[in-house]
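Below: the structure, in structure tokens.
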Amino acid sequence: MELWILAVATAIGYLAGSISFARLVVAWRGVDADIERIEVPLGHGETFVSDSVSATAVRMTLGPRFGCLTALLDMAKVAIPVLAFRLAAPDQPYFVVVAAAGLIGHIRPIFHGFKGGRGESVIYGSLLVIDPVAVVGTTLLGAVVGFVLGNILVLRWAGMILLVPWLWVATADPWIVGYMVFADVVYALAMRPELSQYWRMRGKGTDPTNEEIAIEFGMGRALGRGLDRYGLVPAMARAIRGPKRPRPRD
């Protein structure tokens, strides 16, 4: 492995990742909105706050069509250089370095005061080049686990954890597996502000329902409502607890 090529791959990945398509899409639409701070009222008087400059922020500002466009652009900005390096040097791990540097650039973009998104789109964009079958397979497995546990956060993120053993079995490539471990850790650290709010509300008993989380993450109200009603573990808990007693009327 050539050090100068490694340096070039790192620089290209980081600079590509630093392109903030969330900001560019909002600017393109000519909307005067601050997408660096999003506040979402929840039940029980709670408010969910996020400073992630991401496709989710664009969706909440401009609607799902532009949120989807932003996510696709975020995926492409790293997927394209990853693909280029993989085609140019398939027997070298430069493409993995590009993917890792792109993730850091997305979270800490040099062009925007090191304030970016959380990195989920970038991770999946790179993985669609590295192993698209793994993305599909672990997403489906994660959905099953999330449905069993009746938790939409598990449904959304279990696949990212399952990618580690899947890629180990599928590729046996320590560079690829190492990248996935790195991506999971970096993503978890980036998500700390949101996760800390969730656990704080959960500790108070005011944690949002799956339906509320699904609306916040743009996963569809119906999906969240379905998990609230039909998730296997919550359904079993309700069966053991029994139906709620009706409130006495005045």
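The values are calculated or read from the model by the stated rules, or taken from the named source; none is laboratory data. From a predicted model like this one, the values you see are computed outputs, not experimental measurements. Neighbour counts run over all protein chains shown; Cβ positions are idealised from the backbone, glycine included.
Tabulated data
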| quantity | calculated |
| --- | --- |
| Helices (runs of 4 or more DSSP H) wholly inside the stretch 30-126 containing at least 1 residues that are surrounded by fewer than 17 Cβ atoms within 10 Å (Cβ to Cβ) | 64-88 |
| Inter-residue pairs, beta-carbon under 7 Å, first among the small types (Gly, Ala, Ser) and in the stretch 20-32, second modelled with pLDDT under 95 and assigned to a loop (DSSP other than H, G, I, E, B), 6+ apart | SER20/VAL53; SER20/GLY116; ALA22/ILE35; ALA22/VAL53; ALA22/SER54; ALA22/GLY117 |
| Every residue from the stretch 132-152 that is touching a residue at least 60 places away in the same chain (Cβ under 8 Å) and out of contact with any helix residue (DSSP H, G or I) (no Cβ under 6 Å at 6 or more places or on another chain) | PHE147, ASN151 |
| In the stretch 25-54, the residues that are on the phi > 0 side of the Ramachandran plot and at pLDDT below 80 | HIS44, GLY45 |
| Inter-residue pairs, beta-carbon under 9 Å, first free of Cβ contacts under 8 Å to residues at least 12 places away in the same chain and in the stretch 193-206, second assigned to a helix (DSSP H, G or I) and surrounded by 13 or more Cβ atoms within 10 Å (Cβ to Cβ), 6+ apart | LEU195/LEU153; LEU195/ALA188 |
| Residues (more than 15 Å from ASP228 (Cβ to Cβ), of a type in the set (Gly, Ala, Ser) and in a helix (DSSP H, G or I)) located in the stretch 201-215 | GLY203 |
| One residue from ALA57, ALA22, ALA71, ALA100 being touching a helix residue (DSSP H, G or I) at 6+ places or on another chain (Cβ under 7 Å), at pLDDT below 90, hydrophobic (A, V, I, L, M, F, W, C) and under 30 Å from TRP199 (Cβ atoms) | ALA57 |
| Selection from the stretch 15-24 of residues that are surrounded by fewer than 21 Cβ atoms within 10 Å (Cβ to Cβ) and part of a helix (DSSP H, G or I) | LEU15, ARG23, LEU24 |
